[in-house]
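The values are calculated or read from the model by the stated rules, or taken from the named source; none is laboratory data. Just so we're clear, the structure is a prediction, and the values are computed from it rather than from any experiment. Cβ coordinates were reconstructed from backbone atoms using ideal geometry, including for glycine residues, and neighbour counts include every protein chain displayed. Accessible surface is based on the protein model in full, side chains and every heavy atom, while ligands, DNA and RNA are left aside. Shrake-Rupley method; radii C 1.70, N 1.55, O 1.52, S 1.80 Å.
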Amino acid sequence: MTRIRLTLAYEGTDFCGWQVQPADRTVQGEVERALATILGRAVRVHGSGRTDAGVHALGQVVHFDCPDGRTGFPWQRGLNGILPRDVRVLDAAEVPDDFHARYGAVSKTYEYCLWHERGFCLPQRRRFVWNCGPVDFARMEAAAGLLLGEHDFAAFQNVGTDVDSTVRTVTEISRHAGPTAHESVWRFTADGFLKQMVRNLVGCLVACGRGKLDLDGVRVILEAGDRTLAPATVPPQGLTLVRVAYGEG
């Protein structure tokens, strides 16, 4: 038995999320189907986490156990020859048996892309941005400062996943230039994220940037831990899982 680690990129537009589902197209389902073609048997793939329908990835990490060893098999080339065009293996490597894509992760980084021109959105970018319109970046960055550090993020968790604790440590919320002049990219790094937490944090920041929420309001939401007080969840297509870190080196 050999454990293999894969790094995946995918466009989430035409997927019903990461997790395999009986009747829907998912990323996990496509990867497991490709592996079954190579191995001649079903193999379970374990991901670093679940991405929702419409969410993309540039650095989703997964692992699986190859039942017949296959030491030295060219997994990247072999899988990319079978997988559909909206999923690609960026890297493949043999790892120790105790490596686990989910439980071994020490941090994750997501990016959310905002489009700020109300008059139009480039057709080439519509699957990768949320057109939120003009915002005040200074107000957003001030609000981001309140969300850094260790907090109970219960107010930014949507229902659907049971967790032992809603406390997380956010180490980065930063703004970067997007690929066009009409975009901004917001990067979030934490030791873990709750269900749709990044999309909910973006909703909070945009509400501040639109002048609909002030810093005192952000403090109240964070301290109350009440999801009903926070702004609505923003659309999925602006979100990309960029990196999963494992404390290596």
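Remarks
- Condition check for ALA53: in contact with a Cys (Cβ under 7 Å, 6 or more places away or on another chain) and in a loop (DSSP other than H, G, I, E, B): yes
- Contacts under 8 angstrom Cβ, first residue in region 212-224 being assigned to a loop (DSSP other than H, G, I, E, B) and open to solvent by 60 Å² or more (accessible area, probe 1.4 Å), partner at pLDDT 95 or above and not polar (S, T, N, Q), 6 or more apart: LYS212/PRO231; ASP214/CYS208
- The residue that is most open to solvent (accessible area, probe 1.4 Å), among those in region 168-193 that are under 21 Å from ALA138 (Cβ atoms) and not in a strand (DSSP E or B), is ALA181.
- Every condition in (1) out of contact with any Gly (no Cβ under 8 Å at 6 or more places or on another chain); (2) surrounded by fewer than 17 Cβ atoms within 10 Å (Cβ to Cβ); (3) of a type outside the set (A, V, I, L, M, F, W, C) holds for ASN200 except the one numbered (2).
- Which numbered condition GLY238 fails, given (1) among the small types (Gly, Ala, Ser); (2) out of contact with any Cys (no Cβ under 9 Å at 6 or more places or on another chain); (3) buried (at least 16 other Cβ atoms within 10 Å of the Cβ): (2)
- Check on ALA101, assigned to a strand (DSSP E or B), touching a residue at least 12 places away in the same chain (Cβ under 8 Å) and open to solvent by less than 40 Å² (accessible area, probe 1.4 Å): no
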